[in-house]
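S.K.: Let me give you the structure first, and then I'll get to my questions.
The values are calculated or read from the model by the stated rules, or taken from the named source; none is laboratory data. Quick caveat: nothing in here was measured; it's all calculated off a predicted structure. Methodologically, a virtual Cβ is constructed for each residue, glycine included, from the backbone with ideal geometry; neighbour enumeration extends over all protein chains shown.
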Amino acid sequence: MTNLTKIAIIVGTKGRGSNMRNLIEHFQTDPDIHVTLVLAPSPDSPALEVANKFGVKTATFNAKDDKLPQKLAQKLSENNINFICLAGYLRLIPSNIVKEFTGRILNIHPALLPKFGGKGMYGMHVHNAVIEAKETESGCTIHYVNEEYDEGAILLQSKCEITPHDTPESLAQKVLKLEHETYPKAVKLALAKLSES
Ligand code: GRF
């Protein structure tokens, strides 16, 4: 592998792409890390427009395509991608990709896993459940991706306090701020761990 880390970010169908944007901006001045490709499961994903504005190459795929495993692997290989960040992608990643990118594929989740994770736990569903459960803290988790929803090994978490005045909406804002602070650090941490191994 070369020293340059070439990241592909996989966004969601409807996601704002704020974590994607944050990673692109953060690594713009890093000589060792380059956000090379943004992949989205729909041409309508709002994140694609943002990626285009930053001059980052984009591509789309059909998440229900039987040939997705091969097509995704080819797309990543054509672009010499050696690291993947999920940012709002809600489906499982094909197992060939999970295996090929062991230690090199991260996801961000808007709660403190292992609580409040799993299929269907995304966006406001998560923050509603956290408030409903009367938790006194929440935060974000960056974890390695495996073949289950939100179950890969935890790499980094950041926490925030939940006050009695917090609503799901105010909590969502607090957590998003933490996500933007934490995801770039987690990428660096994962790369440091790889270089130690
Ligand atoms: C974030 O809350 C992230 O934790 C989750 O999906 C959301 C994506 O938000 N995986 P954005 O599109 O990056 O703003």
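S.K.: Can you name every residue in the range 1-26 that is within 20 Å of PHE61 (Cβ to Cβ) and in a loop (DSSP other than H, G, I, E, B)?
M.R.: Passing the criteria: GLY12, THR13, LYS14, GLY15, ARG16, GLY17.
S.K.: Can you give me the number of residues within the range 1-43 that are small (Gly, Ala, Ser), within 15 Å of the chain's Cα centre (by Cα) and surrounded by fewer than 18 Cβ atoms within 10 Å (Cβ to Cβ)?
M.R.: The qualifying residues number 1.
S.K.: Continuing with this model, one more query. What is the one condition in (1) among the small types (Gly, Ala, Ser); (2) at pLDDT 95 or above; (3) within 16 Å of the ligand (Cβ to nearest atom) that GLY120 does not satisfy?
M.R.: The failed condition is (2).
S.K.: So GLY103 fits all but one of (1) crowded, with 17+ Cβ neighbours inside 10 Å; (2) in contact (Cβ under 8 Å) with a residue 60 or more places away in the chain; what number is the exception?
M.R.: In the conditions (1) crowded, with 17+ Cβ neighbours inside 10 Å; (2) in contact (Cβ under 8 Å) with a residue 60 or more places away in the chain, GLY103 misses (1) alone.
S.K.: Considering (1) away from the ligand (no atom under 14 Å from the Cβ); (2) under 21 Å from GLU25 (Cβ atoms); (3) among the β-branched types (Val, Ile, Thr); (4) in contact with a Phe, Trp or Tyr (Cβ under 9 Å, 6 or more places away or on another chain), say which one VAL56 fails and leave the rest.
M.R.: The number of the failed condition is (4).
S.K.: Now a separate question. What about ASN22, is it touching a residue at least 12 places away in the same chain (Cβ under 8 Å), within 15 Å of the ligand (Cβ to nearest atom) and within 26 Å of LEU156 (Cβ to Cβ)?
M.R.: yes
S.K.: Tell me which of these CYS85 doesn't satisfy, since it passes every other one: (1) closer than 21 Å to TYR122 by Cα; (2) within 13 Å of the ligand (Cβ to nearest atom); (3) at pLDDT 95 or above; (4) surrounded by fewer than 19 Cβ atoms within 10 Å (Cβ to Cβ).
M.R.: Unmet condition: (4).
S.K.: Could you tell me whether the range 156-170 includes any residue that is in contact (Cβ under 8 Å) with a residue 40 or more places away in the chain and closer than 15 Å to ASN107 by Cβ?
M.R.: yes
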